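Engineer: Could you have a look at this structure, given as structure tokens, before my questions?
The values are calculated or read from the model by the stated rules, or taken from the named source; none is laboratory data. Treat the numbers as computed from the prediction; the structure is a model and nothing was measured. Here the Cβ positions follow ideal geometry from the backbone for every residue, glycine too, while neighbour counts run over all protein chains shown. Side chains are part of the model used for accessible areas, which takes the heavy atoms of the whole protein and leaves out ligands, DNA and RNA. Shrake-Rupley method; radii C 1.70, N 1.55, O 1.52, S 1.80 Å.
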Amino acid sequence: RFVHVDAPARLSATVVALVKSELEKLGPGYLAVIVPDSYLAVMSDSLNSSGIDHGLVDDGALENQVTLVPVSLVKGLEVDSAIVVEPEKIITGERNGLRALYVALTRATQRLTIAHACPLPAALASSK
């Protein structure tokens, strides 16, 4: 599922709402919020200020139901549900950007949500 945010300033609030919604559906499973590395602190602050208990990924370990994961550390993880934030920023801002996006998009076993304020990369826009 794709969720477009009209104003980039509202992206964090939208992701918080998506996390809350997903937790209602998820049951005891695991949710990863996968972000460009540069978004980690801002997204963690948003989750904290909204009262969402979450962990930060540490060497591939998932210790909380909600885990905030910088895309550079997502390889090897498997979760029930994932919210991938700003795919275009992953491609343009990360080493091996397109490969990093592919890895991020393939971590969820049940549900995947893509949240973005920037235009989608061409490969994703055509699959929408």
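Engineer: Please report how far the C-alpha centroid of segment 70-128 lies from that of segment 1-59, rounded to the nearest whole angstrom.
Structural biologist: Cα centroid of segment 70-128 versus Cα centroid of segment 1-59: 13 Å apart.
Engineer: Shifting gears a bit: Rounded to the nearest 5, what % of DSSP beta bridges with both residues in the chain are antiparallel?
Structural biologist: Counting DSSP beta bridges with both partners in the chain, the antiparallel share is about 5 percent.
Engineer: For the chain, what is the largest minus smallest coordinate of the Cα atoms on each principal axis, given in angstrom and ordered from greatest to least?
Structural biologist: That gives 34, 31, 26 Å along the principal axes, largest extent first.
Engineer: Give the dimensionless ratio obtained when the Cα radius of gyration of segment 85-128 is divided by 2.2 N^0.38 Å. Please report the intermediate quantities before stating the final value.
Structural biologist: On the way: Rg = 10.1 Å, N = 44, 2.2 N^0.38 = 9.3 Å.
Normalised Rg, Cα atoms only: 1.09.
Engineer: A follow-up question, please. Under a plain spin-label model, where a point goes 7 Å from the Cα along Cα-to-Cβ, how far apart in nm are T109 and N96?
Structural biologist: Each label point is offset 7 Å from its Cα along the Cβ direction, giving 2.4 nm.
Engineer: Here's a follow-up. Step by step: find N for segment 31-92, compute 2.2 N^0.38 Å, then divide the Cα radius of gyration by it. What's the final number?
Structural biologist: Output field value: 1.02.
Engineer: Would you tally the net charge around S81, using a Cβ to Cβ cut-off of less than 9 Å, leaving S81 out, and scoring K and R as +1, D and E as -1?
Structural biologist: After counting each charged neighbour, the total is 0.
Engineer: Next question, about the same structure. I'd like the carbon and sulfur percentage of the solvent accessible area for segment 1-75, probe radius 1.4 Å, heavy atoms only, ligands and nucleic acids excluded. Present the calculation step by step, with values, prior to reporting the outcome.
Structural biologist: On the way: 1980 of 3910 Å².
Roughly 51 percent, rounded to a whole number.
Engineer: Another question, if that's okay. Sticking with the crude label model, points 7 Å out along Cα→Cβ, report the distance from A9 to K25 in nm, one decimal please.
Structural biologist: For A9 paired with K25, the spin-label model returns 3.0 nm.
Engineer: Just the number please: accessible area per residue for the chain, 1.4 Å probe, all protein chains included, in Å².
Structural biologist: 51
Engineer: Shifting gears a bit: Tell me which aspartates and glutamates have Cα within less than 16 Å of K20's Cα, excluding those fewer than 8 residues away on the same chain?
Structural biologist: Within the straight-line cut-off, K20 pairs with D45, D53, D80.
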